[in-house]
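Data first, discussion second: the structure below is written as structure tokens.
The values are calculated or read from the model by the stated rules, or taken from the named source; none is laboratory data. Owing to the predicted nature of the structure, the values given are computational and were not obtained by experimental measurement. Don't worry about glycine lacking a Cβ; one is built from the backbone with ideal geometry, like all the others, and counts go over all protein chains shown. Side chains included, ligands, DNA and RNA excluded: accessible areas come from the protein's heavy atoms. Shrake-Rupley method; radii C 1.70, N 1.55, O 1.52, S 1.80 Å.
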Amino acid sequence: MAIDFLDLKRANEPHEAAIREAMERVVASGRYILGEESAAFEREFAEYCGVAHCIGVGNGLDALQLILRAYGIGNGDEVIVPSTTFIATWLAVSQIGARVVPVEPDPRTCNIDPARVEAAITSRTRAIIPVHLYGQPADMEPVNEIARRHGIRVIEDAAQAHGARYRGRRTGGLADAAGFSFYPGKNLGALGDGGAITTNDDQLAAAVRKLRNYGSSVKYRHEVAGVNSRLDELQSAILRVKLRQLDAENERRAELASAYMSALTPAGALLQLPHVIAESAPVWHLFVVRTPNRNALQARLSARGVGTLIHYPIANHRQQAYAGERWPDLPIADRLQNEVLSLPMAPYLTIDEIRVVAAEVLEFFS
């Protein structure tokens, strides 16, 4: 049985009729930028996340960058980020002129380790960006408590965690602000690029709305030097369709993750399974296992028709983009880049398909 890592056509088939109807509605409206669909999606996603404001933007990188800019963070400032994350978290900091300060993750969860955060704070620290990596909520309460004591901002990178819960609250409403991506492969994915910012901060919301629209809140009056980063009407309409099914699809992901956990337990210490922290409900954007034999396991699965991916094969401090910087030793990030492997995970998968993948993994270790 051939099992792709991710088949976006298969993922979108249940929504196809509603998506076509939504797109036709946008075409017929004659309004394609900052119209009713965008406004409606912003209201609906803000309500979903339990916050006062949602501002649609062009992509997830822009979302984080615009939050930092709106808070006045820039040259000479420092921002604490996880050492293990997609590079966009780091780029958002670099591109506004601030300094990236990487902090190692808890090796069980791959999320930033709150116990290591305080030691990284200096007089120049302005913000911390925890990432809810793989759809697993970061341990936000101790991070927020540290930030309160030091008077610094906390910004969630929620690009992989649409709908995840931490202590009963959804991601997107766990800090000062949050940045989301709607890249097509996300749990809530558009049919192109897209992103959003969520927050309860009225001033931040107003500032971001200007920044994303050329620095303007009134046409042809530009109060600040802004950018063009707006979630368009077509993507907004598509996201409204898919938002209605997000919880059901996340519940399906949880069922599949549970099936993986049960089926892979016999591998024992040879294979490290995902660790879920107390009082959290992940949304399983990815199902990531760890083994020092990662490359051989991936090759075996590929030969058997099972698609996998590595998130991420080169740690950010090892990327050519950051080759000119001097970084501290980051042994956990270095180890993770050589051990992590993402198995197929999508709500359209069947339990039988999960069992096939798990059986191939167990056969490798046997």
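For (1) farther than 20 Å from ASN338 by Cβ; (2) surrounded by fewer than 18 Cβ atoms within 10 Å (Cβ to Cβ), each residue gets a yes or a no:
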position: LEU246; (1), (2): yes, no
position: ASN250; (1), (2): yes, no
position: LEU256; (1), (2): yes, no
position: VAL276; (1), (2): yes, yes
position: ASN295; (1), (2): no, yes
position: GLN298; (1), (2): no, no
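Just name the residue that is most open to solvent (accessible area, probe 1.4 Å) out of those in segment 199-215 that are outside any loop (DSSP other than H, G, I, E, B) and in contact with a Gly (Cβ under 7 Å, 6 or more places away or on another chain). Talk me through it step by step, then tell me what you get.
So the first thing to find is which residues in segment 199-215 are outside any loop (DSSP other than H, G, I, E, B), and the list is 199, 202-211, 213.
Then drop every residue that is not in contact with a Gly (Cβ under 7 Å, 6 or more places away or on another chain), which leaves 210-211, 213.
Values: LYS210: 61, LEU211: 16, ASN213: 35 Å².
Across segment 199-215, the extreme among qualifying residues is LYS210.
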Exercise. Select from segment 309-348 the residues that are under 18 Å from GLN95 (Cα atoms) and aliphatic (A, V, I, L, M) and write down the one among them that is surrounded by the most Cβ atoms within 10 Å (Cβ to Cβ).
Key: ALA321
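One line per residue, one yes/no per condition, for (1) among the acidic types (Asp, Glu); (2) touching a strand residue (DSSP E or B) at 6+ places or on another chain (Cβ under 7 Å):
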{"site": "PRO328", "(1), (2)": "no, no"}
{"site": "PRO331", "(1), (2)": "no, no"}
{"site": "ASP334", "(1), (2)": "yes, no"}
{"site": "GLU339", "(1), (2)": "yes, yes"}
{"site": "SER342", "(1), (2)": "no, yes"}
{"site": "PRO347", "(1), (2)": "no, no"}
{"site": "THR350", "(1), (2)": "no, no"}
{"site": "ALA358", "(1), (2)": "no, no"}
{"site": "PHE364", "(1), (2)": "no, no"}
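Among the residues that make up segment 20-27, is at least one of them of a type outside the set (D, E, K, R), open to solvent by less than 70 Å² (accessible area, probe 1.4 Å) and under 30 Å from VAL224 (Cα atoms)?
Kept after step one, since they are of a type outside the set (D, E, K, R), are these residues of segment 20-27: 22-23, 26-27.
Imposing the further condition that a residue be open to solvent by less than 70 Å² (accessible area, probe 1.4 Å) reduces the set to 22-23, 26.
Remaining after also requiring under 30 Å from VAL224 (Cα atoms): none.
Checking segment 20-27: not a single residue is of a type outside the set (D, E, K, R), open to solvent by less than 70 Å² (accessible area, probe 1.4 Å) and under 30 Å from VAL224 (Cα atoms).
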Quiz item: Among ALA175, ALA138, ALA159, which is the only one that is open to solvent by 10 Å² or more (accessible area, probe 1.4 Å), closer than 19 Å to VAL101 by Cβ and assigned to a loop (DSSP other than H, G, I, E, B)?
Solution: ALA175
Exercise. Assess whether ALA175 counts as being farther than 18 Å from GLN245 by Cα, free of Cβ contacts under 8 Å to residues at least 60 places away in the same chain and of a type in the set (Gly, Ala, Ser).
Key: yes
Quiz item: Considering only residues of segment 300-325 that are of a type in the set (S, T, N, Q) and over 18 Å from the mean Cα position of the chain (by Cα), which is farthest from VAL357 (Cα to Cα)?
Solution: GLN320
Exercise. Output the residue which, of all residues in segment 74-87 that are aliphatic (A, V, I, L, M) and crowded, with 24+ Cβ neighbours inside 10 Å, is nearest to GLN320 (Cα to Cα).
Key: VAL81
Self-check item: Unique match (being in a strand (DSSP E or B) and closer than 15 Å to GLU156 by Cα) among VAL81, VAL100
Solution: VAL81
Self-check item: From ILE67, ILE73, ILE55, residue being more than 20 Å from PHE182 (Cβ to Cβ) and modelled with pLDDT of 95 or more
Solution: ILE73
Quiz prompt | Looking only at segment 349-366, and only at residues there that are open to solvent by 30 Å² or more (accessible area, probe 1.4 Å) and assigned to a loop (DSSP other than H, G, I, E, B), the one that is modelled with the highest pLDDT | solution = THR350
Practice problem: Name every residue in segment 258-274 that is free of Cβ contacts under 8 Å to residues at least 60 places away in the same chain and either open to solvent by less than 20 Å² (accessible area, probe 1.4 Å) or in a helix (DSSP H, G or I) (or both), in order of residue number. | Solution: SER258, MET261, SER262, THR265, GLY268, ALA269
Self-check item: Extreme residue, least open to solvent (accessible area, probe 1.4 Å), among residues of segment 28-60 that are within 23 Å of ASP247 (Cα to Cα) and free of Cβ contacts under 8 Å to residues at least 24 places away in the same chain
Solution: ALA39
Practice problem: Output the number of residues of segment 224-245 satisfying the condition of being in contact with a Gly (Cβ under 6 Å, 6 or more places away or on another chain) and either in a loop (DSSP other than H, G, I, E, B) or of a type in the set (Gly, Ala, Ser) (or both). | Solution: 5
